[in-house]
Amino acid sequence: MWIDLVILLAKIAVVFAGIMTGAFVLTWAERKQSALMADRIGANRCAILGIKLWGLINSLADALKLIFKEDFLPPKGLRVLHAIAPIFAMFPVFVTFAVLPFGPPLQIAGKEIPLQILTLDIGLLYILAFGGMAVYGVMLAGWASNNKYSLLGGMRGSAQMISYEIIIGLSLIGPVMVFGTLDPGRMVVAQNDLLWGWLPKWGIIVQPLAFLLFLPAAMAETKRAPFDLPEGESEIIGFSLEYSGMRWGMFFLGEFAEIVVLGAVMATVFFGGYQVPYLFSGAEAASLPGFHFPWGGYLPLGEWWIVALRVLSFGFKVLCLMWLQMQIRWTFPRFRYDQLMRVSWREMMPLALANIAVTGIVIMLVSR
Amino acid sequence: MDSSVFDNNLIRFLFLFGAAGGLVAFFVALSAWLGPKSMNETKAEPFETGMIPKTDARRPFPIKYYLVAIVFIVFDVEVAFLYPWAVEFRNLGAAGFISMMIFLVILLVGLFYAVRKRVFEWK
């Protein structure tokens with residue numbers, strides 16, 4: 001009873017700490033990586049007793065500055081809506097991660113502990129539901145600020161986010177059809193199967209087009225370049241114009257946290273979650289835990305090594321996908337608004353529907 | 001295995017909800033308590049890059065945004081229909097596949113109509 005409560009709270013703490021650390025490191029990585037790509041030095045000024053940690057102290061100083069800055073409430077705006085908008089930007093991101101497994105179920109003293117907070121049969125719908133809530137943050141912030149630029153940013157943001165939400169929903173249908181489940185846990189287990197005996201059945205291998213549609217749509221949901229029209233700092237400043245202090249920071253903390261969570265969603269659905277290719281636990285491979293290579297090799301490993309390898313593999317995949325999002329953000333220029341709308345509705349939407357049709361035909365031909 | 005109240009997903013979700021809400025409230029409170037407070041008339045004006053706003057910001061807006069929202073609702077409902085079908089796809093067989101394709105084609109006609117009516121052209 002009490003041990004269950006402790007386990008639950010520990011899992012929540014691990015997940016939240018992971019997301020916060022990821023978001024914190026990303027604020028640093030954003031500056032350093034952009035500096036690298038633009039041939040600059042990047043954050044390097046702040047130091048504690050001469051220790052700079054490659055500019056990591058700068059991120060700490062930024063956070064402190066935001067906390068001690070005035071929390072400005074525009075007296076001519078709508079106070080209540082203005083106050084709750086940043087909550088909508090940050091809260092859903094932290095809740096979304098709960099259905100994703102960050103490691104295989106642990107067996108301790110005859111008890112099975114799944115390494116995910118919520119084991120939901122409708123996990124993907126849960127992700128979509130809370131992902132959709134983020135629109136409210138942008139829309140309310142733009143509406144409540146009583147500022148023309150904020151309103152423009154909020155309107156652009158909400159139209160952009162709902163347009164790309166459809167693509168997210170449609171592109172995830174393909175993997176659901178292939179794996180026959182909406183539960184991310186079971187989806188990850190299914191991805192350890194091998195196609196033709198040697199190719200891991202990862203989402204990206206059976207559904208490459210779905211991944212190519214999901215990645216840009218997910219990036220559009222984070223409202224970052226090349227999809228940063230709601231902010232567009234060089235022209236309209238955007239929905240967060242009338243915010244300051246930590247409530248401004250919450251919009252951007254939410255944005256960075258969303259990069260982490262999206263990396264985790266993509267790792268789970270398209271990159272085999274915590275699975276390592278050819279690695280099977282004892283329960284999965286006739287009590288012979290370890291690597292079973294398709295050319296007949298067998299490398300035995302202890303069960304706890306397998307658990308450690310799998311948790312590390314999940315973290316590594318999430319890191320790679322976060323890096324990929326950073327790289328795209330600093331490589332491409334901003335879209336024009338008409339291009340943005342055309343890409344989503346007239347180009348990605350028919351492709352996503354065609355992907356569903358083709359997936360259906362292939363599955364029926366294969367299973368015949 | 002003995003079952004406990006924490007096997008219930010709703011209870012787990014309430015704890016998760018509380019933890020995430022607490023974290024968010026902590027950030028809001030931190031800034032509200034520790035930041036300085038000062039206000040004057042100029043500061044209270046909306047910041048519109050130096051211009052003094054003459055009217056309320058919430059003015060009539062292009063109808064394009066409204067149209068996009070309407071089309072979004074239509075297709076979001078479509079996505080909601082697709083999910084249970086996708087899970088049960090293998091059990092439904094060819095009949096299920098064909099009926100869903102007919103549904104998709106009807107919606108594609110709707111999308112085509114919206115495209116021809118220039119709903120997605122922002123000039």
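Within the listed set A:Ser150, A:Ser313, A:Ser287, the residue fluctuating most in the Gaussian network model of chain A (springs between alpha-carbon atoms under 10 angstrom) is A:Ser287. Between the residues A:Leu288, A:Gln33, A:Gln160, the greatest Cα displacement towards the positive end of the dipole of segment A:2-367, with unit charges on the Cβ of Lys, Arg, Asp and Glu, is found for A:Gln33. Note on A:143-149: average number of Cβ atoms from other chains within 10 Å of each residue's Cβ is 5. If only the Cβ of Lys and Arg carry +1 and only the Cβ of Asp and Glu carry -1, the dipole of chain A around its Cα centre is close to 580 debye. Pairs with C-alpha atoms separated by more than 21 Å, drawn from the list A:Lys148/B:Lys64; A:Lys65/A:Lys148; A:Lys76/B:Lys123; A:Lys69/A:Lys223, are A:Lys65/A:Lys148; A:Lys76/B:Lys123; A:Lys69/A:Lys223. Whole-Hz Karplus values for segment A:77-89 come out as x, 8, 4, 5, 5, 4, 6, 8, 4, x, 5, 5, 6 Hz, taken residue by residue from phi with 6.51 cos²θ - 1.76 cosθ + 1.60 and θ = phi - 60°; glycine and proline positions read x.
Here A:Lys32 is the anchor, and the lysines within straight C-alpha reach of less than 18 Å, apart from those fewer than 8 places off in the same chain, are A:Lys52.
The peptide list A:301-307, A:26-32, put in order of mean Cβ contacts within 10 Å with the highest first, becomes A:26-32, A:301-307.
Charge dipole (Cα centre; +1 on Lys/Arg Cβ, -1 on Asp/Glu Cβ; no other charges) of segment B:60-123 amounts to roughly 360 debye.
Expressed as a fraction of 2.2 N^0.38 Å, the value expected for a compact globular protein of N residues, the C-alpha radius of gyration of segment A:2-367 is 1.06.
Taking 7 Å steps out from each Cα toward its Cβ at A:Lys111 and B:Ala94 produces label points 5.3 nm apart. Work out the charge dipole of segment A:2-367 with +1 on the Cβ of Lys and Arg and -1 on the Cβ of Asp and Glu about the Cα centre, then indicate which of A:Gly297, A:Gly245, A:Ala83 is farthest towards its positive end. Looking along the dipole axis, the top candidate is A:Gly245. The Kirkwood radius of segment B:60-123, taken over pairs of alpha-carbon atoms, gives through the Stokes-Einstein law at 25 °C and 0.890 mPa s a diffusion coefficient of 182 µm² s⁻¹. If R0 equals 45 Å, the separation of the Cβ atoms of A:Ala285 and A:Lys76 corresponds to a calculated FRET efficiency of about 0.10. Given +1 at the Cβ of Lys and Arg, -1 at the Cβ of Asp and Glu and no other charges, the dipole of segment B:1-53 around its Cα centre is 120 debye to the nearest 20.
The length gained on full extension between A:Ile361 and A:Gln327, counted as 0.36 nm times the residue separation minus their Cα-Cα distance, comes to 8.7 nm.
For the pair A:Ala63 and A:Trp196, the difference between a 0.36 nm per residue extended length and the Cα-Cα distance amounts to 42.8 nm. Here the simple spin-label model places points 7 Å from the Cα toward Cβ, and for B:Tyr65 and A:Glu303 these points are separated by 5.7 nm.
The lysines within cross-link reach of A:Lys11, meaning a Cα-to-Cα straight distance under 27 Å and a gap of 8 or more places when in the same chain, are A:Lys111, A:Lys317.
FYI, it's all coordinate maths here, none of it is from the lab. Here the structure is a predicted model, which means the values were calculated and not measured. Using ideal geometry, Cβ is built from the backbone for each residue, glycine included, and neighbour counts are taken over all protein chains shown.
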